Amino acid sequence: MRILLLGGTSEARELAARLADAGHEVVSSLAGRVSTPVLPDGEVRVGGFGGPAGLASYLVEERVDAVVDATHPFAEHISANAYAAASETATRHLLLRRPGFPLREEYVVVPDIHAAAEVLPPGATVFLTIGRQQVAAFGHVDARFVIRAIDPPSVLPKHHVLLLDRGPFALEDEIALMQRHGIDTLVTKDSGGAATAAKLEAAAQLGIEVIVVARPPAPHGAEVVDSVEDVLHVLAG
Ligand code: NAP
């Protein structure tokens, strides 16, 4: 099959190699957000399609047999567009969403980034690990932020330390980082994935409050699997 693989995640990179090994012709697609992306094996295209209509045209022009959406669980626009474009063009569609983090009872789970900013205790020292794009939502919050992202956010809160880094992160390093900066609150998305899970264990060991931003829902009606293995299995069936 000729497969358009929407990527930007470690699972998508693994999938690109596995699908090619299984004999499929794969084009991986990246948004182009990260200045130095880790590239998957095989053919790669970079940049938006121009909304659902642009993506639908791409599927037809490139004679794509199946769209596998392996984007990040918080990349909700591209996932909505992919499902709409695949439906419109009657192209096979499959959504890979890795499982979320195991949620502990003591976590404060909020529906979106703005709600996370609202519940922060005044004067907190916050480890903000939500990526680069939505940091502006914390601009008005009276707190100290240690912000970790791959590339620098364009808007930063007044009191901040910026750490430019990319996972995977080890537990002992996360504990040392949180202790060094006197962190009392962790803010994370429910991204899931092994590469960034250690911060939650570190927070538990240090008694740090954890605020988790819940995932947006998957497109209604989409077929969803939660592992690379399942994608291969479904496409082979
Ligand atoms: P988004 O808000 O869902 O997408 C915004 C627009 O970016 C889309 O409408 C699309 O433009 C373009 N786009 C997004 N992903 C694309 C892809 N894989 N290939 C081609 N175009 C893409 O996405 P986002 O949250 O900015 O995430 C962008 C990328 O970063 C995704 O590929 C995602 O896997 C990766 N990522 C995101 C996060 C996160 O927390 N959001 C974390 C890690 C990695 P057009 O409408 O013009 O097609």
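Below are the figures for this structure:
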item: Residues of region 66-97 classified as under 18 Å from Leu30 (Cα atoms) and within 14 Å of the ligand (Cβ to nearest atom), total; result: 22
item: Residue identified as of a type outside the set (A, V, I, L, M) and crowded, with 17+ Cβ neighbours inside 10 Å among Pro99, Pro111, Pro121, Pro73; result: Pro73
item: Breaking point among (1) surrounded by 13 or more Cβ atoms within 10 Å (Cβ to Cβ); (2) over 22 Å from the mean Cα position of the chain (by Cα); (3) within 30 Å of Ser29 (Cβ to Cβ), for Arg144; result: (3)
item: Among residues of region 1-48, those that are over 18 Å from Arg92 (Cα atoms) and not small (Gly, Ala, Ser), counted; result: 19
item: Yes/no for Asp173 being acidic (Asp, Glu), touching a Phe, Trp or Tyr at 6+ places or on another chain (Cβ under 8 Å) and on the phi < 0 side of the Ramachandran plot; result: no
item: Filtered residues of region 19-41 (kept if surrounded by 16 or more Cβ atoms within 10 Å (Cβ to Cβ) and either of a type in the set (Lys, Arg) or part of a loop (DSSP other than H, G, I, E, B) (or both)); result: His24, Ala31, Pro37, Pro40
item: Single residue of region 83-131 satisfying the filter (over 18 Å from Ala203 (Cα atoms) and among the hydroxyl-bearing types (Ser, Thr, Tyr)) that is nearest to the chain's Cα centre (by Cα); result: Tyr83
item: Search result, residues across region 59-98 that are in contact with a Ser or Thr (Cβ under 9 Å, 6 or more places away or on another chain) and assigned to a helix (DSSP H, G or I); result: Leu59, Val60, Ile78, Ser79, Ala82, Ala85
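Here, each number is a calculation from the coordinates, and none is a lab measurement. Source: prediction; values computed, not measured. Counting neighbours? That spans all protein chains shown, and the Cβs are built from the backbone with ideal geometry, glycine included.
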